[in-house]
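Notes to accompany the following structure.
Every number here is computed from the coordinates shown, using simple stated rules; none is lab data. Here the structure is a predicted model, which means the values were calculated and not measured. Heads up, the Cβs are rebuilt from the backbone with ideal geometry, glycines too, and the neighbour counts pull from every protein chain shown.
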Amino acid sequence: MKTALFFCVGFMVFTNMIFAQFEIKLSEELFITKLSDKIYVVTHHFPWESNSLLVKASDKEIVLIDTPYDTTATALLIDWVYKNLNPQKITAINTGFHVDNLGGNQYLLEKGIDIYGADKTCVLIEERGEKTQQQLISWLKPEQERIKKVYETMVFAKPNKIFKIEDGINLKIGNLSFDVFFPGETHSPDNLVVYIKECNVLFAGCMVKALSYQNLGFREDANVKEWPISVKEIQDKYKNAQIVIPHHGLWGDLILVKHTLDLIMEY
C-alpha cells in the first residue's frame, strides 16, 4: 500500500520518518490516497504511474489539479467525488499539455466542469498534441493493446478558462487559494505548479522528480538549460511548502526539489 505523509488538524505536522497509510481503490489502475480531510492524491497506472490532486476547498467545492490519463478513469474519479464528497461544484486546473495533465479533459467539459489552463498549453496542444499521441503509442508493448486503442482515439481537449502563462492566476475557491504559477520552461514549455498556501501543499507536476527517479525521464519537450533556473524559483517562492507532489512517484517535502536540481546538474 502506498505511503503518504500525515496531516494534523488541517496542517501538515510531520518529519521525514512519520508516514500514514490510507488508500482507496477505484479500479485495478486507479487509486486515491487520502492525505488529510482536504487533500487527496489520485494515482493512475495507464500503464505508467501518474499523480493528480483532489482538493476539498470547502464542503461544496472540489478542485482537481490535472486528470487521470483517459476519460474512463476520469469518469470513475468524478463519480467517486460526487458520491463521497458531495460537492455542488468541481473546478479543474491543467498544469501542462501532456496526456497526464489533461487526458480526461473531454469528459470534464462534457459534464460542464470548467478547466483553467494557460494560453501556451492551448498552443502546444495544437502544435504537438498529435506527435505526443504517437509517442505514447510507440512506447506501448504488444500485450498492451487495450491501452493502445484508448490512446489511438484520444482527444486532446483544451481547457476552457484561459489565462496568460506569464501572468499565472490566483484562484480563490471555497476556503482555499490556489496559486497557479509558471516559473519558466522545464519538463515542457508550459509546465505550471499549483501552491495551496493554507495547506502548505505544492503540486509540482513533472518539473519535480520523486526521490526514486535517477534521471529526468522524458525530455523531448524539455528545456534543460532553463529547468534549474525555474526550479530554483519555485524553491525560493514556496519555502513554506511542507508537501511536494510530483507527477510521477511518491510525494515528499522540499527535498524533492533539491533532488531534481541534483539530477539536472548530473545531466
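Side notes on the structure shown:
- Alpha carbon convex hull of the range 22-266, volume per residue in cubic angstrom: 117 Å³
- Of the beta bridges in the chain, as assigned by DSSP with both residues counted there, near 70 percent are antiparallel.
- With a simple spin-label model that places each label point 7 Å from the Cα along the Cα-to-Cβ direction, the separation between Lys232 and Asp59 comes to 4.8 nm.
- Mean ellipticity per residue at 222 nm, deg cm²/dmol - from DSSP H runs of n ≥ 4 across the chain, formula -39500 (n - 2.57): -8500 deg cm²/dmol
- Label zone (Lys149, point 7 Å along Cα-to-C-beta; backbone nitrogen cut-off 18 Å) within the range 36-54: 46-47.
- Simple rule: put +1 on each Lys or Arg Cβ and -1 on each Asp or Glu Cβ in the range 22-266, find the dipole, and look at Leu77, Ile125, Gly249; the Cα lying farthest toward the positive end is Leu77.
- As a proxy for reagent exposure, ranking Cys199, Cys122 by other Cβ atoms within 10 Å from fewest up yields Cys122, Cys199.
- Where a label projected 7 Å from the Cα of Ser177 along Cα→Cβ would reach, residues of the range 65-94 with amide N under 13 Å: none
- Cα centre as origin, Lys/Arg/Asp/Glu Cβ charges: the chain dipole, Debye: 480 debye
- Paramagnetic reach from Glu110 in the range 44-70 [backbone N under 16 Å; point 7 Å along Cα→Cβ]: 68-70
- Positive-end ranking of Ser230, Val150, Ser52 along the dipole of the chain, with charges on Cβ about the Cα centre, is headed by Ser52.
- Counting neighbouring Cβ atoms within 10 Å and putting the fewest first, the residues Arg219, Arg146 line up as Arg146, Arg219.
- Extension gain, Phe218-Glu198: 0.36 nm per intervening residue step, less the Cα-Cα distance, totals 4.0 nm.
- Taking every full run of DSSP H in the chain, the ones that stretch at least 20 Å from end to end by Cα along their long axis and average -1.0 or higher on the Kyte-Doolittle scale are 119-139.
- Extension gain from Asp167 to Lys83, taking 0.36 nm per residue of separation minus the Cα-Cα distance: 26.7 nm
- Here the Kirkwood formula puts the hydrodynamic radius of the range 88-171 at 13.7 Å, using every distinct Cα pair.
- Per the Debye formula on identical point scatterers at the alpha carbon atoms of the range 38-181, with no solvent, log10 I(q)/I(0) at q = 0.08, 0.09, 0.14 Å⁻¹ is -0.21, -0.27, -0.64.
- Under the Debye formula (equal points on every Cα, no solvent term), log10 I(q)/I(0) of the range 126-239 at q = 0.20 Å⁻¹: -1.20
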